[in-house]
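Presented below is the structure to which this report refers.
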Amino acid sequence: MAFNKKQLKGAFNLDEQALGVLRTHLIALESDFQTRYDSLNRKDKVTALFQDLAESSSLPESLEELSALLPEQSVGQLMRLYNQITSPSGKGPDVPAEETVTLGDTDEDVFLEGMGATALALNLSADILKEEYHGEFTFDGSGPSEIQTFEADDPDPEAGTPDGYTPVGIYRLTNTEQLVLDVAANTGFGGTVHANAAASLRVDAAGLLSPYATVHGASLTQATFTLGALDDRHYGHYLDIEAPNLEHVTIDAESTLVLSSIAETDSLSRVDAVIDDELLVSGFDLHDLTEANLSGAGRAVFYSDELARSTESIRVDAGELRGDQVLPGEDTLSLRIQAFDGAERGTAEIIGSNVGLSSILIAGRDMTYAGDGGGLVRYTEVGDWDHMASFSVHAGTEAGSSDSVQALSLSMWDLVARGDISRDNVALKVEGNSYVETGDFHVLTGATLHSEGEGGMVNIDTDNVVTLNRFIPSYTDTATYNSAVFARNTGETQWSIDDEGLFDGTFDLDMTITNDDADTLEALLFEDAEGDLFYVLDTKSEAGIEVGADNFLLGEVGEGWVNDASVHTAQKIDRYIDENGLELLGVGETTLTDPYAMA
């Protein structure tokens, strides 16, 4: 079996003169070992060759001559392999060898194939003059692989340090099971690594992961990032990653990390991150995200409109994420949690930042939210009358003594939900077609209030001041845009009529409604034995329901007017209450002032 130049050059990156020296020995040995070489892979061929060369009296002189002709980065590789194979004290067959390669200013392709279980230590020079590796490096060993950058000696002492965007190059580590990328200070890494057999990735970067850094890891299930602080020349660290099976990411970053998926990736289920600047996660579907634990002085933004779609329960804890380093008005935490795409309704447990601003959307789930910081929580598209959604929102409950406590805005739309809200630091807006019930009030908007409704809005600020239908959209028919609010504390309120059939009860509303009298009507909310809700409206514009009132409207929540928007006497209302066993549930006001517009 003949050894050709291409095989030898691929093994040791030899030039023509060096090939001639080595091939002299090979030709002499070839005929005696033809059968043996036929059964060996390429690395075994080199091993057998060195064992035979070790018995040659001309070997030391040959290796010395050969070493003088080899590129500098290949000499150590050649001698180490020779010593390992021929020395009795070398590593045994059960201990994987380690291949150490140093690459500097070259664009030549390097192929190390047939490496078996060998590990790799790949050292890459980073140079201010960009005199670093630009080629394609291939290694098929299955042992752990570590790529490490180092700052090269620069021939120009005035040139300064590398800009961090190099080295580049393409690195194909076809069989490695573990990948480590170690980026030294004052260097960077902007190469592309193909390690599709690796199950784990560890990145230690005191230097820069440049915007060109890319990892392809089809088998990656976990990735760990430890990233140092960068100077003002760089916005942050970047990594494009193709890892469709990635499940767990752990991050400890002193500078911004922009982590982008460049392929469909929906397996990521857990993120643990300590962030001192920004964590920007994009391109990931995040269908399976079940847990995120976020802390540090920075902020975290998850750019995904499909987050937790395949997860029945998700928990996010950002209580210790402070947002110290973010610009004024920026969110400390930003994410959009979608409804669970399954038979059951999902749940979401969120602990927002206790200091910074949170911007969170939760759709289609029961949910709990806590956090002393401010921001906006949007809760939407969940629940119906037969299966009401459940929620709990507590903000600022333990930070009353702190001047830094900010109000949280809770926006709820297109839902039917029952829950509790800590009112001291939560401003509430309910809109769309919604019903919201808490221990303090009932809020109804749009079609939930009346079957022909098309939206509405109720705003309740932290001082319990209520505004109905603020900022009516220009494209909406004002007759169908309606809302109502009822306080559950009915006080002295009661329904009754006198001997003449006129109202002689009381109307006691302990709630400030900013647009009352002019464009609202007083209302009472009742409930029957089946849990259906009804409202009775006074048609007069005077404040409260006055004794002697005799003109009322009667409607059923979610259905419409009883008897087609007819005006009823107090006596007819009283009879309906008695016949249907209605119990007083709340007292409030509504914008349903023109029943004939929605008859």
Conditions (1) closer than 28 Å to residue 293 by Cα; (2) over 18 Å from the mean Cα position of the chain (by Cα) -> residue 248 fails only (2)
Being surrounded by 24 or more Cβ atoms within 10 Å (Cβ to Cβ) and modelled with pLDDT of 95 or more is the filter; apply it to segment 361-379 and report the residue that is farthest from residue 419 (Cα to Cα). 362
What number of residues within segment 370-387 satisfy the criterion of being more than 13 Å from residue 412 (Cβ to Cβ), of a type outside the set (D, E, K, R) and not in a strand (DSSP E or B)? 2
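Can you pull out the residues in segment 181-213 that are in a strand (DSSP E or B) and open to solvent by 20 Å² or more (accessible area, probe 1.4 Å)?
If the condition is that a residue be in a strand (DSSP E or B) and open to solvent by 20 Å² or more (accessible area, probe 1.4 Å), then 182, 192, 194, 200, 202, 204 are the ones that fit.
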Can you tell me which residue is farthest from residue 289 (Cα to Cα) among those in segment 343-369 that are more than 16 Å from the chain's Cα centre (by Cα) and part of a strand (DSSP E or B)? 357
Residue 320 being in a strand (DSSP E or B) and within 30 Å of residue 227 (Cα to Cα): yes
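Given the criteria under 23 Å from residue 119 (Cβ atoms), touching a Phe, Trp or Tyr at 6+ places or on another chain (Cβ under 8 Å) and part of a strand (DSSP E or B), does residue 258 qualify?
No.
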On the given criteria, is residue 295 modelled with pLDDT of 95 or more, within 26 Å of residue 224 (Cβ to Cβ), among the hydroxyl-bearing types (Ser, Thr, Tyr) and crowded, with 17+ Cβ neighbours inside 10 Å? yes
Would you check which residues across segment 506-531 are outside any strand (DSSP E or B), at pLDDT 95 or above and within 22 Å of residue 566 (Cα to Cα) and list them? 528
Please specify each residue of segment 302-322 satisfying the condition of being open to solvent by less than 60 Å² (accessible area, probe 1.4 Å) and either among the hydrophobic types (A, V, I, L, M, F, W, C) or within 19 Å of residue 417 (Cβ to Cβ) (or both). 302, 307, 308, 314, 316, 318, 321
Can you say whether residue 440 is open to solvent by 20 Å² or more (accessible area, probe 1.4 Å) and under 26 Å from residue 524 (Cα atoms), as far as the supplied structure shows? yes
Residue within segment 314-333 that is under 24 Å from residue 436 (Cβ atoms), without any contact (Cβ under 8 Å) to a residue 60 or more places away in the chain and of a type in the set (S, T, N, Q) present: no
Just name the residue that is modelled with the lowest pLDDT out of those in segment 278-292 that are crowded, with 22+ Cβ neighbours inside 10 Å and among the aliphatic types (A, V, I, L, M). 286
Subset tally (residues that are modelled with pLDDT of 85 or more and either assigned to a strand (DSSP E or B) or within 34 Å of the chain's Cα centre (by Cα) (or both)) for segment 106-130: 10
Determine whether residue 565 is closer than 19 Å to residue 431 by Cβ, part of a loop (DSSP other than H, G, I, E, B) and touching a residue at least 24 places away in the same chain (Cβ under 8 Å). no
Checking the condition open to solvent by 40 Å² or more (accessible area, probe 1.4 Å) and either β-branched (Val, Ile, Thr) or under 17 Å from residue 352 (Cα atoms) (or both), which residue from 262, 251, 275 passes? 262
Of the residues in segment 380-402, those that are of a type in the set (Gly, Ala, Ser), over 18 Å from residue 440 (Cβ atoms) and at pLDDT 95 or above come to 383
When segment 323-339 is examined, which residues are found to be at pLDDT 95 or above, assigned to a loop (DSSP other than H, G, I, E, B) and surrounded by fewer than 22 Cβ atoms within 10 Å (Cβ to Cβ)? 339
Could you say whether any residue in segment 223-230 is in contact with a Lys or Arg (Cβ under 8 Å, 6 or more places away or on another chain), assigned to a loop (DSSP other than H, G, I, E, B) and either open to solvent by 10 Å² or more (accessible area, probe 1.4 Å) or of a type in the set (Ser, Thr, Tyr) (or both)? no
Quick test for you: out of 480, 476, pick the one residue that is modelled with pLDDT of 90 or more, part of a loop (DSSP other than H, G, I, E, B) and either open to solvent by 60 Å² or more (accessible area, probe 1.4 Å) or among the polar types (S, T, N, Q) (or both). 480
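Search segment 131-150 for residues being in a strand (DSSP E or B) and open to solvent by 10 Å² or more (accessible area, probe 1.4 Å), and hand back the single one that is nearest to residue 179 (Cα to Cα).
146
The values are calculated or read from the model by the stated rules, or taken from the named source; none is laboratory data. Worth saying up front: this structure is predicted, and the values here are computed from it rather than measured. We place every Cβ from the backbone using ideal geometry, glycine too, and count neighbours over all the protein chains shown. Just the protein is used for accessible areas: all its heavy atoms, side chains included, with ligands, DNA and RNA removed. Shrake-Rupley method; radii C 1.70, N 1.55, O 1.52, S 1.80 Å.
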